[in-house]
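What follows is one structure encoded as structure tokens, with my remarks underneath.
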Amino acid sequence: MLRRGDYVLCNFPFRESRGPGPSPHIVLCAATGRAGQTSFAIVFYTTSQTDYSGLQRPRQYLFVSKAQAIALGQKAAFVVDASRIARLPLTPEYFPEMAGDTIAIRGNDADFVAKVEERLRELIASGSNIARVDAAIRKPT
């Protein structure tokens, strides 16, 4: 089962659309839980496509080196974006490597997720915009 600090593949939702994203990429799991009958994971978005100028990385990005990325099955270094977090149902639509109750784990770094959470708290305290997605709770239609 998924645990705090696990890196897994996820169809993280795009900002501009509802439901799972169109292609899987690695995310960092902060926590898992249950709401009613729905099991969920709280995950941080990652990307290797960062767009910023200057020498200093924006505060929301925490760097994962190329060596660490390769150990996780990735081709390039990437960042964990502490300002993009989602609560997603534990389903194959969101976690394509899910089989039954098991999700393929690419690696684990519980210490790093603690750093990402600390950065999230700093961003919230400074008034930064935090992109939150909550797909785990079904809204009445």
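The values are calculated or read from the model by the stated rules, or taken from the named source; none is laboratory data. Keep in mind the model is a prediction, meaning the values are calculated, not measured. Reconstructed Cβ throughout: ideal geometry from the backbone, glycine too, with neighbour counts over all protein chains shown.
So which residues in the stretch 1-18 are part of a loop (DSSP other than H, G, I, E, B), touching a residue at least 24 places away in the same chain (Cβ under 8 Å) and of a type in the set (Phe, Trp, Tyr), if there are any at all?
Within the stretch 1-18, PHE12 is the sole residue that qualifies.
Which one of these does GLY73 not meet: (1) at pLDDT below 90; (2) under 22 Å from ARG132 (Cα atoms); (3) not aliphatic (A, V, I, L, M)?
The failed condition is (2).
For the structure I just gave you, tell me whether THR91 is hydroxyl-bearing (Ser, Thr, Tyr), in contact (Cβ under 8 Å) with a residue 60 or more places away in the chain and under 19 Å from LEU2 (Cβ atoms).
Here the answer is no, as THR91 does not meet what is asked.
Within the stretch 83-114, can you find the residues that are of a type in the set (Val, Ile, Thr) and not in a loop (DSSP other than H, G, I, E, B)?
Within the stretch 83-114, ILE85, THR102, ILE103, VAL113 qualify.
For PRO89, which of the numbered conditions (1) surrounded by fewer than 16 Cβ atoms within 10 Å (Cβ to Cβ); (2) of a type outside the set (A, V, I, L, M); (3) in contact with a Phe, Trp or Tyr (Cβ under 8 Å, 6 or more places away or on another chain) fails to hold?
Failing condition for PRO89: (1).
Let's see how each residue does on (1) of a type in the set (D, E, K, R); (2) in contact (Cβ under 8 Å) with a residue 12 or more places away in the chain; (3) out of contact with any helix residue (DSSP H, G or I) (no Cβ under 9 Å at 6 or more places or on another chain); (4) not in a loop (DSSP other than H, G, I, E, B):
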residue	(1), (2), (3), (4)
VAL80	no, yes, no, yes
VAL116	no, yes, yes, yes
ILE124	no, no, yes, yes
ARG132	yes, yes, yes, yes
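Give the stretch 110-119 a look and list any residue that's under 13 Å from the mean Cα position of the chain (by Cα) and charged (D, E, K, R), or say none.
GLU117
Let me confirm something: among TYR61, TYR52, which residue is aromatic (Phe, Trp, Tyr) and at pLDDT below 90? Spell out the reasoning first.
Working: TYR61 fails: at pLDDT below 90.
The unique qualifying residue is TYR52.
If you check ALA104, ALA86, which single one turns out to be small (Gly, Ala, Ser) and within 24 Å of GLU122 (Cβ to Cβ)?
ALA86
Out of everything in the stretch 19-35 that is in contact (Cβ under 8 Å) with a residue 12 or more places away in the chain and not in a strand (DSSP E or B), what residue ends up being nearest to VAL116 (Cα to Cα)?
For the stretch 19-35, the residue satisfying everything is PRO24.
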